[in-house]
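Everything below concerns the one structure shown next.
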Amino acid sequence: MSHLLEVKDLRTEFRQPTGTLHAVEGVSYHVDAGEIVAFVGESGSGKSVTQYSTLQLIPMPPGKITGGEIWFDGRNLLTEGQKSAALQSVRGAEIGVVFQEPMTSLNPVLTIGKQLTEGMMLHLGLNRTQARDRAVDLMEKVGIPDARSRLDAFPHQFSGGMRQRIMIAMALACDPKILIADEATTALDVTTQAQILELMKDLVEQTGTALIIVTHNLGIVARYASRVHVMYAGEIVESGPTREIFKAPRHPYTIGLLRAVPSLADERDRRLIPIPGMVSSQVDPPDRCAFINRCPYAVAECETEPRPVLQAVGTGHVKACHRDIDLQTTPVRQFEATARTEAAAAPSATTPVLEVKHLKVTFPTYGGFFKRKTGDLLAVDDVSLTVGKGETVGLVGESGCGKTTLARAVMGLQEVAGGQIIFDDRDITGLSPSQMRPLRRDISMVFQDPYGSLDPRQRAESIVAEPLGNFFPDMSAKARSERVKELFDLVGLNPDQRSRMPHEFSGGQRQRLAIARALASEPSLIVLDEAISALDVSIQSQVINLLEDLQARLAVSYLFIAHDLSVVRHISDRVAVMYLGQLVELTGWRQLYENPLHPYTKALLEAVPIPDPDDAANQRRIIKGEVPSVMNRPAGCAFSSRCPLATDRCRVDKPPLEGRGEAHEVACFAVQAGA
Amino acid sequence: MTVLSDAKPAATPNLTKLRVKGFFSRVPVIIGSVIILTVVVFAVAAPLIAPYDPAKQDVVARLQPMSAEHWFGTDGLGRDVLSRLIFGSRTSLLVGLFSTLVAGCFGMAIGLIAGFVGKWVDSIMMRVMDALMSIPIIILALFLGAVLGRGLGNIILCLGIVMTPSYARVTRGQVLSVKQLDYVTAARVSGGTGLKTVVHHIFPNCLAPNMVLATMNLGVAILVEAALSFLGMGIAEPTPSWGGMVSQGKDVLTTAPTMAVAASLFIVITVWAFNVVGDAVRDLLDPRLRGAL
């Protein structure tokens, strides 16, 4: 027994009405003390189920662990029952888990002190006072200020990042030997995400705990993990030391993932190469390579051979592929044009489609016994922005910074407290819904969640045709159906699928439907509100490419809202950075990424992990603190509470957005003073 | 780029079929469905099934016990109890179906308007509904029955009004949650008017919970109709109704118990069947089970 945890040939199945879903298909791996191991893969690849299976945390039935051995601490955990005392002591005490959703994994009706001490009293046999002392220690260790006084606070009194810290404290409560972080930072803002990951890394270094990171973010893997397991369709298809996986990947899926991911280190015009198609069904799959339908390197023998087994290609580097593939291998088939469509006309910022001038949006706050209005919350504070014809303006900022509110105001879905919105030389500020309606032909919107933005009870064609019916009531049924077919073609969907219901499409296809709907009335501006944030990497790159091609062909303008800086870099001509309702920096994409001026922009860029283990940027320092609530925005510069350059003046006066250099505006006294 | 479209979406082999199969996998649901079907057949084909004319009196053969000629005996006027029960299913079903329909239409209309318009319209409508809800259902029905008078139409209307608030509440709640979903915003952004959005997007997505409520309320409606008839406020003689038969049977319970017992059993079994099937419909349409099956 040399390894801390050794999993051999683990198999997990889920019984479904349609057959047996093979969620985990013979996965073997090991984890040693003090190392960080990552599991990557798209959703549905079985990376989380693998972790839950080792702890028997999957629902049984319908789930069933049908085979394998899990050696931990000299015992085979699989021989213990799901509810046995032995397993109970392993779960929570020796192996801690941090889940994805910090909002739902804490019990809202118990104080965090109670939730923290519970496990300690149970597993470590501490009394109440000792447990509370230990809880305070842990909270300080995970970086929660005023730990003792906050022990009796309820989860809702903490921010998402703080809650995730509490989850980590809980997982650490009994000095676990292994910590499993299951997409633990996915739901968090970039700067918070970076802080949490740094925290976990430090804990690993100090305590010798092993850390298993389950993620779909290759940047995180590159930055933190020492070994990587790439999972696809329930199997580990490649695993090895991080550097080797990134520099010399040997499995087509790994290569595909690396090419599909946008990175801060990219040139803007690098065309992302998506992995085509979707994960094949894992319900009673045939005995052959599961990646075959998406593999650009697949040859005839892949069809006939049984599933490939893992074979060594280097020290600790294994891959499951019949062919000998590396980065230089020429694909035998090509799924999509790799060249970027040339833009029909260069974007021009001089003919603006949309002009936002000194926009202010407020929300009333209510308080007191009678719920009287007590004040206004400034969600968007004096924002000015233009979007030119055929131009893409990226709007970046962390959650709660007011980017969605700004988008809703532009769409006429949100009342405006001040300023002007000018669309196509027409002031559309404060139009009534009936005045706004005819204008909606020219401005459309794509939403974040492709599952929520399509009416589940409408067929695909009527969803796409909806704007047609509203704006062109005279259109004949035949012309409308022709147009729908055309739109399906345009977004790369098969027109034969137009009578399907939304649930019959995948997430990426649904977002294509939403884009087709947005294009139907031939708008001149499309507002994309986090339109690709909810999609898997390979689908993300498909949609980015689609948007770029459409823009080149139709000269449509985009207001592209996102929190992911690497995606924004890929698609935007100009980028605006928002912080607490204010624009802090606005410039062309190249200047922004190569020469960021505002300290907040710098902090954001530093927080984004780059999917390259050798990138020096990955060693940069991480900004401290959290985004304050809009309710208590600091006086003066909103960023002054976190800014390393802040002076007394910043805490009193608000810096205006001023030009600095060519087409580069920034709101910072220190930068403007030339510091 | 078109290569993608050849990829099949994640396995969706006829979910409807699977759901229906799951629906009928529980024995009580099968029994309940069979009972409902039987009652429906009784109601539709009553003249063909019933052995006697339910109104035909035979004073000589009054209050007879169970026998081969009269399975459930005869009543005080010598009418065949089984025939009257079979014909009585017409009353029960008519009242159940139509009062549910009336309540559903009223309730959903009120809920849609209140939920979508909001503000003071919402407050006024829902306070009226709350007021109606605060009065016990039987007492309200008795009051309305007294005001409107007896007769099938009035009973239906009266039960319809009594059950309206529950549909209004359910619909309003559903509207409030559906209203803020992205696809409703998307409909607005696509240039749809408020009315169009309500009709095309909000209404269809409010139907499922109302369907569940309706199946469960059918049983309640039948029960309340029986109670009203039992209390003498329901369907007038000589139209047979189960509640009325229990009422008549109760007077001769010691001498000829079959009538009261048989009529009560019919009520109990039918209401139970509607409840079981209603539960199953709820499970079927529960969003948490969507996609799981």
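The values are calculated or read from the model by the stated rules, or taken from the named source; none is laboratory data. Given the structure is predicted, the values throughout are model-derived calculations rather than measurements. Glycine also receives a Cβ, built like all others from the backbone with ideal geometry; neighbour counts cover every protein chain displayed.
Here are a few things to note about the model shown:
- Residue satisfying all of: in segment A:358-388; of a type in the set (D, E, K, R) and within 14 Å of residue A:581 (Cα to Cα); modelled with the lowest pLDDT among these: A:376
- Filter pass, residue A:455 being free of Cβ contacts under 8 Å to residues at least 60 places away in the same chain, within 9 Å of another protein chain (Cβ to nearest Cβ) and assigned to a helix (DSSP H, G or I): no
- Top-ranked residue of segment A:30-47 - restricted to ones that are of a type in the set (Gly, Ala, Ser) and closer than 12 Å to residue A:214 by Cβ, ranked as nearest to the chain's Cα centre (by Cα): A:43
- Among (1) of a type outside the set (Phe, Trp, Tyr); (2) more than 30 Å from residue A:358 (Cβ to Cβ); (3) modelled with pLDDT of 85 or more; (4) touching a helix residue (DSSP H, G or I) at 6+ places or on another chain (Cβ under 6 Å), the one test that residue A:492 misses: (3)
- So residue A:471, is it within 8 Å of another protein chain (Cβ to nearest Cβ), aromatic (Phe, Trp, Tyr) and crowded, with 23+ Cβ neighbours inside 10 Å: no
- Hey, residue A:353 buried (at least 17 other Cβ atoms within 10 Å of the Cβ), modelled with pLDDT of 80 or more and under 18 Å from residue A:416 (Cβ atoms) or not: no
- Pairing each residue of segment A:422-449 that is touching a residue at least 12 places away in the same chain (Cβ under 8 Å) and more than 14 Å from chain B (Cβ to nearest Cβ) with any residue that is in a strand (DSSP E or B) and polar (S, T, N, Q), provided the two are 6+ apart or on different chains, yields C-beta distances under 6 Å for A:429/A:420.
- Members of segment A:94-118 found to be modelled with pLDDT under 80 and surrounded by 14 or more Cβ atoms within 10 Å (Cβ to Cβ), listed by number: A:100, A:101, A:102, A:105
- Within segment A:120-140, being buried (at least 20 other Cβ atoms within 10 Å of the Cβ) and either among the small types (Gly, Ala, Ser) or in a loop (DSSP other than H, G, I, E, B) (or both) holds for A:131, A:135.
- Residue that is nearest to the other protein chains (Cβ to nearest Cβ), among those in segment A:458-468 that are among the charged types (D, E, K, R) and either crowded, with 17+ Cβ neighbours inside 10 Å or free of Cβ contacts under 8 Å to residues at least 24 places away in the same chain (or both): A:466
- The residues on offer are A:205, A:238, and the sole one that is of a type in the set (Asp, Glu) and assigned to a helix (DSSP H, G or I) is A:205.
- Between B:265, B:231, B:253, B:176, the distinction of being more than 14 Å from chain A (Cβ to nearest Cβ), over 30 Å from residue B:29 (Cα atoms), over 14 Å from the mean Cα position of the chain (by Cα) and at pLDDT 85 or above belongs to B:176 only.
- Residue in segment A:78-99 that is in a helix (DSSP H, G or I) and under 14 Å from residue A:169 (Cβ atoms) present: no
- Listed by position, the helices (runs of 4 or more DSSP H) inside segment B:1-74 whose residues that are modelled with pLDDT of 80 or more and crowded, with 17+ Cβ neighbours inside 10 Å number at least 2 are B:27-44.
- Residue A:650 buried (at least 22 other Cβ atoms within 10 Å of the Cβ) and in contact with a helix residue (DSSP H, G or I) (Cβ under 6 Å, 6 or more places away or on another chain): yes
- Annotation note: Cβ proximity below 8 Å between a residue of segment A:299-315 that is within 18 Å of residue A:232 (Cα to Cα) and a residue that is loosely packed, with under 11 Cβ neighbours inside 10 Å (sequence gap 6+ or interchain) occurs for A:306/A:287; A:307/A:287.
- Considering segment A:298-312, the residues that are of a type in the set (A, V, I, L, M, F, W, C) and in contact with a Lys or Arg (Cβ under 9 Å, 6 or more places away or on another chain) include one that is surrounded by the fewest Cβ atoms within 10 Å (Cβ to Cβ), namely A:312.
- Boolean, residue A:539 is within 11 Å of another protein chain (Cβ to nearest Cβ), under 17 Å from residue A:562 (Cα atoms) and either touching a Lys or Arg at 6+ places or on another chain (Cβ under 8 Å) or in a helix (DSSP H, G or I) (or both): yes
- For segment A:55-74, filtered to residues that are closer than 13 Å to residue A:3 by Cβ and not β-branched (Val, Ile, Thr), the residue that is farthest from the chain's Cα centre (by Cα) is A:74.
- Scanning segment A:502-547 for residues that are within 18 Å of the chain's Cα centre (by Cα), closer than 30 Å to residue A:473 by Cα and of a type in the set (Asp, Glu) yields a single hit, A:529.
- Residue tally, condition touching a helix residue (DSSP H, G or I) at 6+ places or on another chain (Cβ under 7 Å), in contact (Cβ under 8 Å) with a residue 60 or more places away in the chain and on the phi < 0 side of the Ramachandran plot, over segment B:46-73: 4
- Looking only at segment A:480-490, residues that are more than 11 Å from every other protein chain (Cβ to nearest Cβ) and either on the phi > 0 side of the Ramachandran plot or not hydrophobic (A, V, I, L, M, F, W, C) (or both) come to 6 in all.
- Among the residues of segment A:491-535, just one is over 14 Å from residue A:467 (Cβ atoms), surrounded by fewer than 22 Cβ atoms within 10 Å (Cβ to Cβ), at the interface with chain B (Cβ under 10 Å from one of its Cβ atoms) and touching a residue at least 60 places away in the same chain (Cβ under 8 Å), namely A:506.
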